[in-house]
1. Can you pull out every residue in the stretch 259-305 that is among the aliphatic types (A, V, I, L, M) and under 29 Å from Ala166 (Cα atoms)?
2. Tell me which residues, restricted to the stretch 163-207, are of a type in the set (A, V, I, L, M, F, W, C), under 14 Å from Lys140 (Cα atoms) and touching a strand residue (DSSP E or B) at 6+ places or on another chain (Cβ under 9 Å).
3. Scan the stretch 191-206 and give yes if some residue there is modelled with pLDDT of 95 or more, farther than 16 Å from Asn128 by Cβ and within 20 Å of the chain's Cα centre (by Cα), otherwise no.
4. Taking the stretch 38-70, which residues are part of a loop (DSSP other than H, G, I, E, B), in contact (Cβ under 8 Å) with a residue 40 or more places away in the chain and not acidic (Asp, Glu)?
5. Kindly state which strands (runs of 3 or more DSSP E) lie completely within the stretch 142-200 and contain at least 1 residues that are among the β-branched types (Val, Ile, Thr) and buried (at least 19 other Cβ atoms within 10 Å of the Cβ).
6. Contact list please: Cβ distance under 8 Å, first residue in the stretch 274-302 and over 24 Å from Pro197 (Cα atoms), second residue surrounded by 15 or more Cβ atoms within 10 Å (Cβ to Cβ) and charged (D, E, K, R), pairs at least six apart or on different chains.
7. In the stretch 29-62, what count of residues is obtained for those that are surrounded by 14 or more Cβ atoms within 10 Å (Cβ to Cβ), under 31 Å from the mean Cα position of the chain (by Cα) and not aromatic (Phe, Trp, Tyr)?
8. Hey, does the stretch 71-89 have a residue that's touching a residue at least 40 places away in the same chain (Cβ under 8 Å), closer than 20 Å to Glu143 by Cα and either outside any helix (DSSP H, G or I) or not assigned by TED's automatic domain parsing to the domain that holds Leu144 (or both)?
Amino acid sequence: MSKRQDVPVYLFTGFLEAGKTKFIQETLEDRRFCNGERTLLLVCEEGEEEYEPDQFADKRVYIRVLESQDELTQDKLEKWLADVDGERVIVEYNGMWMLDALYGAMPESWMVYQEFMFADARSFVSYNANMRQLVYDKLKSCELVVFNRYSPAIDKMELHKIVRGASRRADIAYEYAGGKVEYDDIEDPLPFDVNAPVIEIGDEDYALWYRDMSEEPAKYEGKTVRFKCKALQRKRLPPESLVVGRHVMTCCVEDIQFAGLVCQWEKASTIPDESWITLTAKVNYKFSRAYGKKGPVLTYLAHEKAIQPAQEVATFY
């Protein structure tokens with residue numbers, strides 16, 4: 001077995017014929033990437049394009065094919081890595097498998113160093129409409145999305161919005177048939193002013209604000225916010241605290257969850273359970289027993305009764 005404590009994993013996701021094989025082949029032909037490390041290449045789906053090992057810059061690349069998701073087990077992955085004395089892993093992942101299946105099977109020492117998603121720009125919108133959960137699953141954690149087979153006839157903004165609905169951090173590249181590559185430069189201004197004396201969060205912007213605050217907590221440290229939310233009384237919380245927030249749908253009905261925040265106020269118990277309020281509060285990122293770790297904690301400033309939003313479940317669209 002490899003003596004490395006951490007085994008770097010390069011993860012390539014996307015749907016069949018999205019261009020993953022071609023990109024990995026070109027990467028393995030590059031001597032800057034192939035610098036003598038023994039590489040285990042896990043192939044989780046086989047499309048029309050096949051690997052050409054004789055073209056690899058280094059012959060110490062060992063291909064193993066997973067025929068079905070049932071074969072994706074920790075024991076098998078550990079055995080294959082040990083068999084080839086592998087030092088790193090490249091995964092061409094099956095777009096129809098959820099990423100949790102891979103994460104659950106990965107040996108503890110395996111660490112995802114880079115994650116890329118590839119998509120055919122001509123069919124991506126259709127995939128998103130019909131298999132939104134699978135598309136979101138591949139977008140949410142990737143560092144770069146490559147839209148290949150792109151042409152000016154394709155609406156770049158539509159592709160951009162789908163990616164940004166899942167991640168504000170992923171870079172986006174558009175590759176034309178001739179090989180020309182353009183990087184996305186569309187600005188994504190937040191729909192609220194983070195520098196205002198009071199940051200007003202619209203009913204339709206709660207999900208975006210909640211995610212942005214989770215990803216960049218320092219941006220909101222010490223800021224005052226005002227937003228509509230449901231107040232929940234919870235026995236496990238101290239009497240001077242309550243939970244406020246809204247249900248958020250990330251990609252589909254099955255993944256609706258309550259995106260809540262702890263709010264501290266000595267009179268918290270006076271707010272009826274499950275009542276809608278418009279809350280004004282100050283944000284601080286600190287340890288909370290309710291989270292069991294550091295997180296955004298609200299300090300109550302004021303509230304007023306409110307009616308339920310027209311769209312009770314908040315979304316990113």
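1. Of everything in the stretch 259-305, those that are among the aliphatic types (A, V, I, L, M) and under 29 Å from Ala166 (Cα atoms) turn out to be Ala259, Leu261, Val262, Ile277, Leu279, Ala281, Val283, Ala290, Val297, Leu298.
2. Val163, Ala170, Ile172
3. yes
4. Selection gives Arg38, Cys44.
5. On the way: elements: 144-150, 171-176, 181-183.
The strands (runs of 3 or more DSSP E) meeting that bar are 144-150, 171-176.
6. Cβ pairs passing all conditions: Glu274/Lys230; Ser275/Lys230.
7. Matching residues across the stretch 29-62 total 14.
8. Yes.
The values are calculated or read from the model by the stated rules, or taken from the named source; none is laboratory data. Source: prediction; values computed, not measured. Counting neighbours? That spans all protein chains shown, and the Cβs are built from the backbone with ideal geometry, glycine included.
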